[in-house]
Amino acid sequence: MTENKFYKPVGGLVRAELFHTSQIESIDQLKWGAGVEVALVDDASSYVERFSADNRQVSVSHTLTLCSDRNLAQQWFDGEFLRQVAADGVVALVELATGEQLTVGWCRRMAFEQALRLNSLEFDSGQGLNDSPRVKMVLCCRDVTSAFNIE
């Protein structure tokens, strides 16, 4: 179990598992091995939490970038998967290179209303001789409810 902190660390990911919000009813269902595990490649995957005050409205955006080998992604990646990620959203369990584990796309106040949704999808053939083809999926959500109003 990780220590509870006021902030979430930002860093490289070593493990990620996605859960379709349409298939879960409770945070208790988010267990490693129960979702769709994304086979990550090298250190290109990341999680970023950005606080901003655009137009004087404080918000927090969460961006999860997942990079996988395209051949490995064929095991979990298809048209139905994309439809669910874009329409219903997903919640992700991620493990950072620091060893800390986070739940992204769910919070106590908003439950699954702030799920991660598909922002972009890239297919990269690679530039180098030994580069394998890759899939880069960027998932995002934005919370405009102040994080400082926690009961």
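The values are calculated or read from the model by the stated rules, or taken from the named source; none is laboratory data. This one's a predicted model, so the numbers in the text were calculated from it and none came from an experiment. Neighbour counts run over all protein chains shown; Cβ positions are idealised from the backbone, glycine included. We work out accessible area using only protein heavy atoms, side chains counted, and drop any ligands, DNA or RNA first. Shrake-Rupley method; radii C 1.70, N 1.55, O 1.52, S 1.80 Å.
Tabulated results
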item: Filtered chymotrypsin sites (Phe, Trp or Tyr not before Pro), region 23-66: DSSP coil and at most 15 other beta carbons within 10 Å; result: Trp32
item: Heavy-atom accessible surface of region 8-110: percent carbon and sulfur, 1.4 Å; result: 47 percent
